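Asker: Here it is, the structure, as structure tokens.
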Amino acid sequence: MARFDGKTALVTGAGSGIGEAVAKLLAADGARVVVADIDMTGANRVVEEITSAGGSAAAFEQNTADPAANEAVVDFAKREFGALHLAVNNAGIGGPLAHTGEYPIDGWQRVIDINLNGVFYGLRYELPAIVEAGGGAVVNIASILGTNGTAGSPAYVAAKHGVVGLTKTAAIEYSSQGVRVNSVGPGYIETPLLTKALDQDQMQGLVGLHPIGRLGRAEEVATLVAFLLSDEASFITGSYHLVDGAYAAQ
Ligand SMILES: NC(=O)c1ccc[n+]([C@@H]2O[C@H](COP(=O)([O-])OP(=O)(O)OC[C@H]3O[C@@H](n4cnc5c(N)ncnc54)[C@H](O)[C@@H]3O)[C@@H](O)[C@H]2O)c1
């Protein structure tokens with residue numbers, strides 16, 4: 001028996017990068033997966049790849065910055081697959097790069113809307129559904145920048161610190177109702193979020209921040225997320241888990 005047999009999982013931002021790797025791993029381990037994304041081309045491709053590998057998945061168009069879309073995707077999961085047991089709030093953007101005193105106000109609002117408000121809206125509708133299903137687990141994708149700062153990304157850093165705090169609070173509130181909530185802090189991971197925004201020299205600069213000597217792979221984050229969602233992690237809740245090639249150890 002696979003570890004997520006009989007479970008339904010919702011993964012936001014699952015049409016690319018870390019979310020895609022998580023969706024594929026959960027499906028390979030038996031979960032029925034709602035592949036939610038604002039970009040349906042990515043979401044449909046991931047569903048097609050999961051189903052042709054023998055898994056079960058359905059795509060849903062969702063802008064996580066829109067509260068109604070968060071309610072709609074949870075309703076879709078229940079309608080399509082009967083209940084919601086697992087959720088991964090992963091959708092996120094990098095946002096503009098500028099120092100705080102020059103940071104574009106609209107860029108700040110966009111990053112906070114997607115990277116922080118989107119996680120709250122997700123929890124707002126996922127938690128009652130998971131309680132209704134008899135319990136389960138949530139992982140919120142933060143970042144090493146959920147506890148560290150960095151020059152040039154004030155909105156991203158503030159949002160990710162917020163995600164870590166929100167995770168702790170939800171865990172305290174929902175542990176007694178059978179829902180575990182954890183956050184994950186990846187180091188820099190080679191996904192389109194980086195490769196579309198940075199040139200080769202900038203990517204090389206990021207490699208130098210990781211004592212392990214390379215960037216991470218989306219699959220290496222997915223392994224940790226799946227563990228935290230599984231029953232093997234039954235006493236782990238309210239905590240923040242790094243997967244960062246020793247970035248934050250320095
Ligand atoms: N790549 C990294 O170095 C890194 C490091 C730490 C944390 N993270 C976090 O991991 C998460 C995933 O990032 P990734 O690297 O896989 O990026 P990615 O760009 O490869 O994938 C992000 C996905 O989210 C979707 N998305 C963007 N805005 C959305 C919205 N408003 N509503 C719904 N979907 C939306 C995109 O369409 C895309 O499919 C993000 O929260 C990011 O902050 C990434």
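Asker: Restricting to segment 186-210, give me the number of residues that are of a type in the set (Ser, Thr, Tyr), at pLDDT below 95 and either farther than 24 Å from Val225 by Cα or in contact with a Leu (Cβ under 7 Å, 6 or more places away or on another chain) (or both). Can you show your working first?
Answerer: If we filter segment 186-210 for residues that are of a type in the set (Ser, Thr, Tyr), which is where we start, we get 188, 191, 195.
Still in the list and also at pLDDT below 95: 195.
From what is left, the residues that are either farther than 24 Å from Val225 by Cα or in contact with a Leu (Cβ under 7 Å, 6 or more places away or on another chain) (or both) are none.
The total comes to 0.
Asker: Give Ala142, Ala72, Ala68 a once-over and let me know the one that is more than 17 Å from Asp37 (Cα to Cα) and modelled with pLDDT of 95 or more. Write out each step before concluding.
Answerer: Details: Ala72 fails: more than 17 Å from Asp37 (Cα to Cα); Ala68 fails: more than 17 Å from Asp37 (Cα to Cα).
Sole residue among the options that is more than 17 Å from Asp37 (Cα to Cα) and modelled with pLDDT of 95 or more: Ala142.
Asker: Next question. Of all residues in segment 46-62, which are within 25 Å of Val243 (Cβ to Cβ) and surrounded by fewer than 17 Cβ atoms within 10 Å (Cβ to Cβ)?
Answerer: Glu49, Ala53, listed by residue number.
Asker: Determine if segment 17-39 includes at least one residue that is under 21 Å from Glu190 (Cβ atoms), within 13 Å of the ligand (Cβ to nearest atom) and out of contact with any helix residue (DSSP H, G or I) (no Cβ under 9 Å at 6 or more places or on another chain).
Answerer: There is at least one residue in segment 17-39 that is under 21 Å from Glu190 (Cβ atoms), within 13 Å of the ligand (Cβ to nearest atom) and out of contact with any helix residue (DSSP H, G or I) (no Cβ under 9 Å at 6 or more places or on another chain).
Asker: Sticking with this structure for a sec: Let me confirm something: among Glu61, Glu80, Glu132, which residue is within 16 Å of the ligand (Cβ to nearest atom) and charged (D, E, K, R)?
Answerer: Numbers: Glu80 fails: within 16 Å of the ligand (Cβ to nearest atom); Glu132 fails: within 16 Å of the ligand (Cβ to nearest atom).
On inspection, the qualifying residue turns out to be Glu61.
Asker: For Arg32, all conditions in the list (1) charged (D, E, K, R); (2) over 18 Å from Ala222 (Cβ atoms); (3) surrounded by 16 or more Cβ atoms within 10 Å (Cβ to Cβ) hold save one; what is the number of the exception?
Answerer: Of the numbered conditions (1) charged (D, E, K, R); (2) over 18 Å from Ala222 (Cβ atoms); (3) surrounded by 16 or more Cβ atoms within 10 Å (Cβ to Cβ), the odd one out for Arg32 is (2).
Asker: Among Ser234, Ser183, Ser239, Ser230, which is touching a helix residue (DSSP H, G or I) at 6+ places or on another chain (Cβ under 7 Å), at pLDDT 95 or above and polar (S, T, N, Q)? Talk me through it step by step, then tell me what you get.
Answerer: Numbers: Ser234 fails: touching a helix residue (DSSP H, G or I) at 6+ places or on another chain (Cβ under 7 Å); Ser239 fails: touching a helix residue (DSSP H, G or I) at 6+ places or on another chain (Cβ under 7 Å); Ser230 fails: touching a helix residue (DSSP H, G or I) at 6+ places or on another chain (Cβ under 7 Å).
Answer to the check: Ser183.
Asker: Please determine whether any residue of segment 178-196 is in contact (Cβ under 8 Å) with a residue 60 or more places away in the chain and of a type in the set (Phe, Trp, Tyr).
Answerer: No, segment 178-196 contains no residue that is in contact (Cβ under 8 Å) with a residue 60 or more places away in the chain and of a type in the set (Phe, Trp, Tyr).
Asker: A further question on this structure: Return the residue satisfying two criteria in turn: it lies in segment 1-16 and is more than 9 Å from the ligand (Cβ to nearest atom) and in contact with a strand residue (DSSP E or B) (Cβ under 6 Å, 6 or more places away or on another chain), and of such residues it is nearest to Ala72 (Cα to Cα).
Answerer: Filtering segment 1-16 for residues that are more than 9 Å from the ligand (Cβ to nearest atom) and in contact with a strand residue (DSSP E or B) (Cβ under 6 Å, 6 or more places away or on another chain), the one nearest to Ala72 (Cα to Cα) comes out as Leu10.
Asker: Among the residues of segment 79-100, write down those that are over 22 Å from Gly42 (Cβ atoms) and either buried (at least 16 other Cβ atoms within 10 Å of the Cβ) or touching a Gly at 6+ places or on another chain (Cβ under 8 Å) (or both).
Answerer: Here is the first cut: in segment 79-100, the residues over 22 Å from Gly42 (Cβ atoms) are 79, 82-83, 85, 96-100.
Scanning segment 79-100 gives Ala83, His85, Pro96, Leu97, Ala98, His99.
Asker: Within segment 198-216, can one find any residue that is in contact (Cβ under 8 Å) with a residue 40 or more places away in the chain and under 23 Å from Gly149 (Cα atoms)? First the steps, then the outcome.
Answerer: Initially, segment 198-216 is screened for residues in contact (Cβ under 8 Å) with a residue 40 or more places away in the chain, giving none.
Among the residues of segment 198-216, not one is in contact (Cβ under 8 Å) with a residue 40 or more places away in the chain and under 23 Å from Gly149 (Cα atoms), which makes the answer no.
Asker: Need at least 2 residues that are over 30 Å from Gly149 (Cα atoms) per element, so show me which strands (runs of 3 or more DSSP E) inside segment 2-103 make the cut, counting only ones lying wholly within it. Give the steps one after another, and end with the answer.
Answerer: Details: elements: 8-12, 32-37, 56-61, 86-89.
Those strands (runs of 3 or more DSSP E) span 8-12, 32-37, 56-61.
The values are calculated or read from the model by the stated rules, or taken from the named source; none is laboratory data. Predicted, not measured: the structure shown is a model, and the values here were computed from it. When we count neighbours, we look across all protein chains shown, and the Cβ atoms used for this are built from the backbone with ideal geometry, even at glycine.
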